[in-house]
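Trainee: Here it is, the structure, as structure tokens.
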Amino acid sequence: MKTTITFTVLLLGICAVLYCQQGTPQPYSFRSGIVEYKYSGDKTGKSIQYIDDHGMKTAMYSEITQDGETNESWVVAYGDYQYMWDPDQPDQGMKMKNPLLTLINEASKGDMESFTEETYIKMGMEKSGTETFLGKECTVIKGDMGKVLIWKGIMMLTDFRVGAYVSRQEATSVKTGINIDPKYFVIPANIKFTEMNMF
């Protein structure tokens, strides 16, 4: 169960920093935004996500500590690929084609919000009304493993507790409709990216 939860959170986290182009030009209803997160439980740390062009361009910087080891990473989706690299290893990185574009487009509304909701429902969780978080009315999805809050496709909170496994990711700041510096979506020219097949 821990593996399933970890994989699903990873999958949705990746999806949140992907753009969608096949028949869905606007994964998010808002034009742009910056979302800051903090993590607690089995992993601790923080991350910041930059969204522009309704999600056609996204970038996330993370600084996460797990099992006593701290890792930094950048994930940028712009163009046909998603690019990932560690700032401490500036000469190498990974890239992968977006395997989730079709899945998002097949969601009931073809956007991030419906895709995220339907993914958790397939895991056996259920929609359970709304809850205000950071002043925003969020969709609540609950199940035996915990609770998820979603606002306009943004993951506002994931709180999972299964046995000894505890994982909590919560937004600490959400700003939308602001100008995003293009520098966050620049793919470093000095990095050699190795293509990977994740799925």
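Trainee: In the set Glu126, Glu106, which member is under 24 Å from Phe30 (Cβ atoms) and either at pLDDT 90 or above or not aliphatic (A, V, I, L, M) (or both)?
Mentor: Values: Glu126 fails: under 24 Å from Phe30 (Cβ atoms).
Glu106 is the lone residue from the list that is under 24 Å from Phe30 (Cβ atoms) and either at pLDDT 90 or above or not aliphatic (A, V, I, L, M) (or both).
Trainee: Sticking with this one: Just a yes or no: is a residue in segment 183-196 in contact (Cβ under 8 Å) with a residue 60 or more places away in the chain and in a helix (DSSP H, G or I)?
Mentor: Yes, there is a match, as at least one residue in segment 183-196 is in contact (Cβ under 8 Å) with a residue 60 or more places away in the chain and in a helix (DSSP H, G or I).
Trainee: Let me ask something else about it. So which of Gln49, Gln82 is among the polar types (S, T, N, Q), in contact (Cβ under 8 Å) with a residue 60 or more places away in the chain, surrounded by 16 or more Cβ atoms within 10 Å (Cβ to Cβ) and closer than 24 Å to Phe115 by Cβ? Explain how you work it out, then say what you get.
Mentor: Details: Gln49 fails: in contact (Cβ under 8 Å) with a residue 60 or more places away in the chain.
After applying the criteria, what remains is Gln82.
Trainee: From the set of residues in segment 1-50 that are at pLDDT 95 or above and within 11 Å of the chain's Cα centre (by Cα), which is nearest to Thr172 (Cα to Cα)?
Mentor: Checked segment 1-50; the qualifying residue nearest to Thr172 (Cα to Cα) is Tyr37.
Trainee: Surrounded by 14 or more Cβ atoms within 10 Å (Cβ to Cβ), more than 20 Å from Glu170 (Cβ to Cβ), touching a Lys or Arg at 6+ places or on another chain (Cβ under 7 Å) and not aliphatic (A, V, I, L, M) - does that describe any residue in segment 54-72?
Mentor: Within segment 54-72, one or more residues are surrounded by 14 or more Cβ atoms within 10 Å (Cβ to Cβ), more than 20 Å from Glu170 (Cβ to Cβ), touching a Lys or Arg at 6+ places or on another chain (Cβ under 7 Å) and not aliphatic (A, V, I, L, M).
Trainee: Considering only residues that are hydrophobic (A, V, I, L, M, F, W, C) and modelled with pLDDT under 95, look in segment 156-174 and name the one that is farthest from Glu118 (Cα to Cα).
Mentor: Filtering segment 156-174 down to residues hydrophobic (A, V, I, L, M, F, W, C) leaves 156-157, 160, 162, 164, 166, 171, 174.
So of that shortlist, the ones also modelled with pLDDT under 95 come out as 160, 162, 164, 166.
Details: Phe160: 17, Val162: 21, Ala164: 26, Val166: 23 Å.
Out of the qualifying residues, it is Ala164.
Trainee: Next question. Look at Phe160 and say whether it is closer than 25 Å to Tyr78 by Cα, surrounded by 15 or more Cβ atoms within 10 Å (Cβ to Cβ) and out of contact with any Asp or Glu (no Cβ under 6 Å at 6 or more places or on another chain).
Mentor: Details: closer than 25 Å to Tyr78 by Cα: no; surrounded by 15 or more Cβ atoms within 10 Å (Cβ to Cβ): yes; out of contact with any Asp or Glu (no Cβ under 6 Å at 6 or more places or on another chain): yes.
Against the criterion (closer than 25 Å to Tyr78 by Cα, surrounded by 15 or more Cβ atoms within 10 Å (Cβ to Cβ) and out of contact with any Asp or Glu (no Cβ under 6 Å at 6 or more places or on another chain)), Phe160 does not qualify.
Trainee: Here's something else I'd like to know. Suppose we filter Ile141, Ile150, Ile180 for residues that are assigned to a strand (DSSP E or B), modelled with pLDDT of 90 or more and under 23 Å from Ser32 (Cα atoms); which single one remains?
Mentor: On the way: Ile141 fails: under 23 Å from Ser32 (Cα atoms); Ile180 fails: assigned to a strand (DSSP E or B).
None of the others qualify; the one that does is Ile150.
The values are calculated or read from the model by the stated rules, or taken from the named source; none is laboratory data. As the structure is a computational prediction, the values presented were derived from the model and not from experiment. FYI the Cβ positions are ideal-geometry reconstructions off the backbone, even for glycines, and counts take in every protein chain you see.
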